[in-house]
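Chemist: Before anything else, here's the structure in question.
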Amino acid sequence: MRLPNWVRLPGRTVRVRLTVLYALLFLFSGALLLTIASGVTVHSAAIVSGPAAIVSGPAWARPHQQPGRANARIHMLQSQVAHLQSQAVGQPTQDQLGHVLFISSLIALAIMTIVSAALGWLVAGRALRPVRQMTAAAQRISEDNLHERLAVAGPRDELKELGDTIDGLLARLEGAFAAQRRFVANASHELRTPLTTMRASLDVALAKPEPAPPQTVALAGRLRAELDRVDALLEAFLVLARAQHRHLPGCTALPLDYVVEAALADQAAAIHARNLTVQDTTGPGGAWVTGSQALLCRLVENVIGNAVCHNDDGGWIRITTQTDGRRASLVVENGGPFLEQRQVAELAQPFRRLGADRTGSDEGSGLGLSIVAAIAEAHGGTLDLQARDGGGLRVCVELPATADRPSAAQAGVPA
């Protein structure tokens, strides 16, 4: 049975559990102390009333005290009269005093239980403060700032050992990420040399005076196309590695509309070949950003190239740039077949591609949108991918907008 919101219990955090434990321990110890005190009180009352019982015992038990029977009887009558008089004037008896004492002790125990719960809450919060600080620091540290450490201060206790263990884990993760990025960059550079050698060998073979056979010319053309494809893949690796390393060469302020215009000019042949309709709603000087001109141009080229490549023949592309407060956004939408949002959300990962039956094309290396995500993240931005209800894809890139807007000549873009 689900409880309504207004009676829902608090979360079972460590602080709540410690507070309940403190309160229960105090309640148990207080109840035990009250029981002992009540037992001692009853035992003391029995001892006090003992001699009177002995004195008022049967006559046959005291044969040597026969002359004092009258005196004992007189004392018993006097005590009964005094008891009746005390009740008449309203003075509490011994039983009444014990009952009042018991009730007062229960009230005091309830009050002190509440006080102990409040003190336990404060003590538990103070004891768990280092844990909360470590949790906040661990949540703040990500792949982008693995160099940060928890650096827990204090005595060499269990919390200090836990913080040092997490710092050691972060150091190993930082080394693993750095080694992975260095491997990608170094491998891309090293593989360029044999590619250049193979391309030069093809050029030499085709440049001989005697004409080459048609089969050789066709094979050389196919090999050159594959070499160009591998070269583009290595270039994508280098761009991805630079973006992940936060290496932003040539940072400057530039407007997104000029970058979009240049990317559309580069894709003009492909757009014409597929008979695509482009709706460019960007305004001149509308959205300015600061960053690496080379990487930002690559970001826009990949987004627009993805919209051109994975589209229907005779389809459409809609491009919008705008500034909303401190954020500048580039939105590129394109038509195409229906896509599932679960699969679209994974396209920002390297080598994630949808099949040709879902996108209408089997071109690309699967690195285009992952490079876009890395470049956007390196500039403090985000990438959002959404499958359109009518088919196709919506790509939204948000970047920090810059307040300083130099002229087009100063920004290094065509006027």
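Chemist: Hey, I107 hits all of (1) loosely packed, with under 12 Cβ neighbours inside 10 Å; (2) more than 27 Å from L169 (Cα to Cα); (3) of a type in the set (A, V, I, L, M); (4) touching a residue at least 12 places away in the same chain (Cβ under 8 Å) but one; which does it fall short on?
Modeler: (4)
Chemist: Let me ask another. Can you go through A138, A117, A127 and tell me which one is in contact with a helix residue (DSSP H, G or I) (Cβ under 9 Å, 6 or more places away or on another chain) and surrounded by 16 or more Cβ atoms within 10 Å (Cβ to Cβ)? I'd like the intermediate steps shown before the answer.
Modeler: Values: A138 fails: surrounded by 16 or more Cβ atoms within 10 Å (Cβ to Cβ); A127 fails: surrounded by 16 or more Cβ atoms within 10 Å (Cβ to Cβ).
Going through A138, A117, A127 in turn, the sole match is A117.
Chemist: Can you spot a residue in region 365-373 that is part of a loop (DSSP other than H, G, I, E, B), of a type outside the set (G, A, S) and either out of contact with any Ser or Thr (no Cβ under 9 Å at 6 or more places or on another chain) or at pLDDT below 70 (or both)? Step through it out loud before you land on a result.
Modeler: Quick first cut of region 365-373, residues part of a loop (DSSP other than H, G, I, E, B) only: 365-367.
Subset that is of a type outside the set (G, A, S): 367.
When the remaining residues are screened for being either out of contact with any Ser or Thr (no Cβ under 9 Å at 6 or more places or on another chain) or at pLDDT below 70 (or both), the result is 367.
Yes, region 365-373 contains a residue that is part of a loop (DSSP other than H, G, I, E, B), of a type outside the set (G, A, S) and either out of contact with any Ser or Thr (no Cβ under 9 Å at 6 or more places or on another chain) or at pLDDT below 70 (or both).
Chemist: Take the residues in region 259-292 that are touching a residue at least 24 places away in the same chain (Cβ under 8 Å) and of a type in the set (D, E); name whichever of them is least open to solvent (accessible area, probe 1.4 Å). First the steps, then the outcome.
Modeler: Taking region 259-292 as the starting set, the residues that turn out to be touching a residue at least 24 places away in the same chain (Cβ under 8 Å) are 259-260, 262-264, 266-267, 270-271, 274-292.
Now narrow it down to the ones that are of a type in the set (D, E): 266, 280.
Details: D266: 110, D280: 68 Å².
The qualifying residue least open to solvent (accessible area, probe 1.4 Å) is D280.
Chemist: Another question, if that's okay. Search region 391-406 for residues being closer than 21 Å to V308 by Cα and open to solvent by less than 60 Å² (accessible area, probe 1.4 Å), and hand back the single one that is modelled with the lowest pLDDT. I'd like the intermediate steps shown before the answer.
Modeler: Here is the first cut: in region 391-406, the ones closer than 21 Å to V308 by Cα are 391-398.
Subset that is open to solvent by less than 60 Å² (accessible area, probe 1.4 Å): 391-393, 395-397.
Working: G391: 86, G392: 89, L393: 91, V395: 94, C396: 94, V397: 94.
By that ranking, first place goes to G391.
Chemist: Residue check: is Q87 more than 30 Å from R172 (Cα to Cα), modelled with pLDDT under 75, in a helix (DSSP H, G or I) and open to solvent by 100 Å² or more (accessible area, probe 1.4 Å)?
Modeler: Numbers: more than 30 Å from R172 (Cα to Cα): yes; modelled with pLDDT under 75: yes; in a helix (DSSP H, G or I): yes; open to solvent by 100 Å² or more (accessible area, probe 1.4 Å): yes.
So Q87 passes the test.
Chemist: Can you pull out the residues in region 163-195 that are open to solvent by 80 Å² or more (accessible area, probe 1.4 Å) and at pLDDT 85 or above? Before the answer, list the steps.
Modeler: As a first pass, look at region 163-195 and keep what is open to solvent by 80 Å² or more (accessible area, probe 1.4 Å): 165, 169, 172, 180, 182-183, 186, 189-191, 193.
Listed by number, the residues that qualify are T165, L169, R172.
Chemist: Also, quick follow-up: When only residues in region 216-228 that are closer than 30 Å to A185 by Cβ and without any contact (Cβ under 8 Å) to a residue 24 or more places away in the chain count, which is most open to solvent (accessible area, probe 1.4 Å)?
Modeler: Applying the filter and picking the extreme gives R222.
Chemist: Quickly run through region 293-316 and pick out the residues that are open to solvent by less than 50 Å² (accessible area, probe 1.4 Å), under 16 Å from I375 (Cα atoms) and either hydrophobic (A, V, I, L, M, F, W, C) or without any contact (Cβ under 8 Å) to a residue 60 or more places away in the chain (or both).
Modeler: L295, L296, C297, L299, V300, V303, I304 - these are the residues of region 293-316 that are open to solvent by less than 50 Å² (accessible area, probe 1.4 Å), under 16 Å from I375 (Cα atoms) and either hydrophobic (A, V, I, L, M, F, W, C) or without any contact (Cβ under 8 Å) to a residue 60 or more places away in the chain (or both).
Chemist: Something else: Select, from A232, A187, the only residue that is in contact (Cβ under 8 Å) with a residue 40 or more places away in the chain, out of contact with any helix residue (DSSP H, G or I) (no Cβ under 9 Å at 6 or more places or on another chain) and not polar (S, T, N, Q). Lay out the reasoning, then the answer.
Modeler: Values: A187 fails: out of contact with any helix residue (DSSP H, G or I) (no Cβ under 9 Å at 6 or more places or on another chain).
From the options A232, A187, the qualifying one is A232.
Chemist: Okay, next question. Does A387 count as within 19 Å of E235 (Cβ to Cβ) and at pLDDT 85 or above?
Modeler: Working: within 19 Å of E235 (Cβ to Cβ): no; at pLDDT 85 or above: yes.
No, not satisfied.
Chemist: Are any residues in region 303-323 more than 15 Å from D257 (Cα to Cα) and of a type outside the set (V, I, T), and if so, which ones?
Modeler: Taking region 303-323 as the starting set, the residues that turn out to be more than 15 Å from D257 (Cα to Cα) are 305-317.
Result: G305, N306, A307, C309, H310, N311, D312, D313, G314, G315, W316.
The values are calculated or read from the model by the stated rules, or taken from the named source; none is laboratory data. The structure presented is a predicted model; accordingly, all values stated were derived computationally and were not measured. For neighbour counting, all protein chains shown are included, and Cβ atoms are generated from backbone atoms with ideal geometry for every residue, glycine included. Ligands, DNA and RNA are stripped out before the accessible areas are found, and what is left, the full protein with its side chains, is counted by its heavy atoms. Shrake-Rupley method; radii C 1.70, N 1.55, O 1.52, S 1.80 Å.
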